[in-house]
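Single-structure report; data block below.
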Amino acid sequence: MEETTVQTEHMAKYRKSNLWKQVFRRLVKNKMAMTGLGFLIFIFVFCMIGPFFSPYANGGVDAININQPPSAEHWLGTDALGRDVLTRLMEAGRISLTVGLGAMVMSVFIGTLLGVLAGFYQGIVDQIIMRTADVLMTIPGLPLLFIMAAVMSEWKVPAENRLYIVMVMLSIVGWSGLARLVRSQILSLREREYMHATESLGLRDRRKLFVHLLPNIVPLLIVVGTLSVGGAILSESVLSYFGLGVVPPTASWGNMINAANSLIDFQNRPWLWIPPGVAIFLTVISINLLGDGLRDAIDPKMKSR
Amino acid sequence: MSDNTILDVKKLSTHFFTENGVVKAVNDVSFSVSEGQTVCIVGESGCGKSVTAMSIMRLIEDPPGKIVDGEILFQDKDLIHASKKDLRRLRGNDISMIFQEPMSSLNPVLTIGEQITEPLFEHRLLTKKQAKQEAIKLIELVGIGRSNEIFHSYPHQLSGGMLQRIMIAIALSCDPLLLIADEPTTALDVTIQAQILELLKEIKEERNMSMLLITHDLGVVAEVADYVVVMYAGKVIEQGSVLDIFKDPKHPYTQGLLQSKPVLNQRKKRLYSIPGQVPNLIDLKPSCYFYDRCEHRMSICGGSIPEKMEVDDNHQVACWLYEKEEVRT
């Protein structure tokens with residue numbers, strides 16, 4: 001039993017450095033990813049807590065001060081209804097970030113569940129799920145979103161609920177790519193020896209799927225999930241820009257940029273559309289940097305530490 | 001054989017239906033395991049040992065594999081026609097299995113503890129706390145100290161020998177009646193092999209468990225087996241008690257196998273090897289499958305497949321050499 005005692009001594013050292021700590025350490029070393037993470041934290045704090053410190057919160061309309069350029073009272077000026085642009089930017093950020101995160105969570109959930117089921121059960125289940133995904137992938141995303149949004153408008157969905165509808169729409173469009181990725185991973189994982197071992201232990205399918213297979217694809221989910229938040233924020237902006245996503249009076253970065261639609265606003269009042277544009281740009285770029293950093297940190301095949 | 005038979009395999013045939021033809025991986029194999037007995041299946045690579053074990057566990061993937069004929073009775077329960085649910089209750093509970101490669105048989109993202117407790121939750125319906133206590137007991141049983149620490153560690157932090165001990169612990173967790181070990185020591189180095197075998201032997205005796213050991217290592221067979229089944233090209237060519245097989249091997253293949261084993265204190269330039277190779281299992285001719293490699297082949301061997309026959313009490317062989325003898329007398 002000498003071998004075992006030597007082993008356990010080694011382990012005391014090992015135990016502290018488990019996988020996630022290593023990933024985190026590698027991530028911290030990546031300057032780009034940390035910049036992205038830093039900016040994301042900033043924008044979150046800015047949007048979630050910012051409005052509490054603003055005297056113009058809750059979309060107060062001020063008919064006297066419309067279309068004011070940036071000044072000491074209104075740092076980013078006011079819009080056509082006299083609302084403070086900075087406050088609206090923060091409130092819009094709440095909506096855009098919520099939609100982005102919500103759509104990501106939903107599409108990751110749907111994509112993972114269907115991908116796992118398709119990969120594990122194969123056969124008819126696989127056929128049904130993957131053919132549905134294929135059909136979704138043959139239809140270009142934006143027109144599909146436009147049609148769904150138009151239907152929503154037709155059904156007169158109240159403005160407050162549009163937010164959630166947009167999330168659902170984005171996740172319906174977004175799950176198929178992830179489902180494919182997950183399925184291919186599961187297909188290879190299910191042939192591993194330890195999965196045969198679970199079979200020989202008489203474990204239930206539920207256990208095999210969620211205890212054994214799912215943790216193996218978590219790194220993939222984290223990376224894809226992070227990157228897809230950016231995409232979801234962009235899609236939401238596009239929809240809202242066209243007035244099909246989140247509709248006024250609820251602010252979102254997309255429908256704030258809508259101001260650029262009018263030539264006068266575009267030429268003479270850049271404070272109306274530059275701030276939300278910059279916010280979208282920086283947020284999406286930060287998310288992508290963080291996502292890439294996470295991928296590098298998680299991927300064990302990466303050679304340099 | 002004895003009355004308290006636990007596992008009875010009768011005329012088992014498992015075939016794989018591939019594009020190139022039907023591979024008869026297991027062809028008319030019969031043997032039985034009684035309570036507390038260790039049965040070894042020996043043979044070279046590709047002779048159907050593992051497929052036999054997988055068939056007993058019903059782990060053959062269908063397609064391409066299929067159990068086409070025969071019966072597998074476990075405590076008089078028919079395993080071939082058992083429902084999925086019954087099989088799930090049986091596996092890991094009454095019959096459990098140890099695999100060849102301990103390094104890849106444990107899920108790398110789950111801790112040892114999580115994996116040991118799984119069958120306890122599944123079959124013995126223990127609570128979390130009880131399961132943990134039981135798991136720690138099991139880890140200690142297989143001879144690993146600092147069980148608490150091991151419980152929380154991941155597979156990559158342990159050596160192959162320790163992982164195989166963990167696999168044994170998992171296999172033993174529900175007190176199985178039959179343990180199937182598919183080359184449990186092949187992937188380990190020699191010093192650890194001996195330890196693992198010793199451990200299996202101890203535990204088996206302590207619990208009066210039966211064991212079906214699959215190996216190509218005759219040293220292992222000599223050490224642990226009570227009864228030996230020698231397979232060649234999917235068929236059983238000889239079976240008998242360990243003493244009979246080692247002292248008085250009948251089939252030319254078994255004789256060859258025993259000759260090709262190194263013997264201590266005997267200097268030989270080169271170990272004996274049986275000439276030729278195992279025939280392709282796809283297009284087997286209706287002859288003795290060992291025909292091409294046999295030193296004692298006769299005309300009859302090339303024409304028809306020898307039946308298994310009793311040459312001694314509890315010692316059967318499938319070879320024309322002995323048939324003739326019997327016919328003569």
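Restricting the search to segment A:114-136, which residues are loosely packed, with under 14 Cβ neighbours inside 10 Å and closer than 21 Å to A:S171 by Cβ?
Answer for segment A:114-136, where residues must be loosely packed, with under 14 Cβ neighbours inside 10 Å and closer than 21 Å to A:S171 by Cβ: A:I128, A:R131, A:D134, A:V135.
Of everything in segment B:176-193, what is without any contact (Cβ under 8 Å) to a residue 60 or more places away in the chain and either in contact with a helix residue (DSSP H, G or I) (Cβ under 7 Å, 6 or more places away or on another chain) or within 12 Å of chain A (Cβ to nearest Cβ) (or both)? Give them in sequence order.
B:T185, B:D189, B:T191, B:I192
From the list A:S153, A:S171, A:S176, A:S184, pick out the single residue that is among the small types (G, A, S) and farther than 20 Å from A:V224 by Cα.
Sole residue among the options that is among the small types (G, A, S) and farther than 20 Å from A:V224 by Cα: A:S153.
Out of (1) part of a helix (DSSP H, G or I); (2) crowded, with 21+ Cβ neighbours inside 10 Å; (3) more than 14 Å from chain B (Cβ to nearest Cβ), what's the single condition that is false for A:S184?
(2)
Looking only at segment B:191-226, count how many residues are more than 22 Å from B:C174 (Cα to Cα) and among the acidic types (D, E).
Taking segment B:191-226 as the starting set, the residues that turn out to be more than 22 Å from B:C174 (Cα to Cα) are B:191-195, B:215-226.
In the following step, the residues that additionally are among the acidic types (D, E) were identified as B:217, B:223, B:226.
Summing the residues that are more than 22 Å from B:C174 (Cα to Cα) and among the acidic types (D, E) in segment B:191-226 gives 3.
Residue check: is A:D292 surrounded by fewer than 16 Cβ atoms within 10 Å (Cβ to Cβ), farther than 28 Å from A:N67 by Cβ and under 21 Å from the mean Cα position of the chain (by Cα)?
no
Go through (1) under 30 Å from B:P102 (Cβ atoms); (2) buried (at least 21 other Cβ atoms within 10 Å of the Cβ) and name the single condition A:F210 misses.
(2)
Out of (1) within 14 Å of chain A (Cβ to nearest Cβ); (2) buried (at least 19 other Cβ atoms within 10 Å of the Cβ); (3) not in a loop (DSSP other than H, G, I, E, B), what's the single condition that is false for B:V33?
With (1) within 14 Å of chain A (Cβ to nearest Cβ); (2) buried (at least 19 other Cβ atoms within 10 Å of the Cβ); (3) not in a loop (DSSP other than H, G, I, E, B) applied to B:V33, the lone miss is (1).
It is to be established whether one or more residues within segment A:276-290 are more than 20 Å from A:I43 (Cα to Cα), assigned to a helix (DSSP H, G or I), without any contact (Cβ under 8 Å) to a residue 40 or more places away in the chain and out of contact with any Pro (no Cβ under 8 Å at 6 or more places or on another chain).
Among the residues of segment A:276-290, not one is more than 20 Å from A:I43 (Cα to Cα), assigned to a helix (DSSP H, G or I), without any contact (Cβ under 8 Å) to a residue 40 or more places away in the chain and out of contact with any Pro (no Cβ under 8 Å at 6 or more places or on another chain), which makes the answer no.
Yes or no: segment B:200-209 includes at least one residue that is more than 11 Å from chain A (Cβ to nearest Cβ), touching a residue at least 40 places away in the same chain (Cβ under 8 Å), β-branched (V, I, T) and over 21 Å from B:S50 (Cα atoms).
The answer is yes, given that some residue of segment B:200-209 is more than 11 Å from chain A (Cβ to nearest Cβ), touching a residue at least 40 places away in the same chain (Cβ under 8 Å), β-branched (V, I, T) and over 21 Å from B:S50 (Cα atoms).
Looking at segment A:137-160 only, could you name the residues that are within 16 Å of A:G174 (Cα to Cα) and either hydrophobic (A, V, I, L, M, F, W, C) or more than 24 Å from the chain's Cα centre (by Cα) (or both)? Break it down stepwise before answering.
We begin by selecting, within segment A:137-160, every residue within 16 Å of A:G174 (Cα to Cα); these are A:137-149.
The answer is A:M137, A:I139, A:L142, A:L144, A:L145, A:F146, A:I147, A:M148, A:A149.
State whether the residues of segment B:194-206 include one that is closer than 30 Å to B:K285 by Cβ, β-branched (V, I, T) and surrounded by 22 or more Cβ atoms within 10 Å (Cβ to Cβ). Even if it seems obvious, please write down each step before you answer.
Initial filter on segment B:194-206 (closer than 30 Å to B:K285 by Cβ): none.
Looking for residues that are closer than 30 Å to B:K285 by Cβ, β-branched (V, I, T) and surrounded by 22 or more Cβ atoms within 10 Å (Cβ to Cβ), one finds none in segment B:194-206, hence no.
Could you tell me which of the residues A:L221, A:L203, A:L209, A:L214 is within 14 Å of chain B (Cβ to nearest Cβ), outside any helix (DSSP H, G or I) and touching a helix residue (DSSP H, G or I) at 6+ places or on another chain (Cβ under 9 Å)?
A:L203
Laboratory data are not the source of any read-out in this text; all were calculated from the coordinates shown. Every value quoted in this text rests on a predicted model; they were computed, and no experiment measured them. Ideal geometry is used to build each Cβ from the backbone, glycine not excepted, and the neighbour counts take in all protein chains shown.
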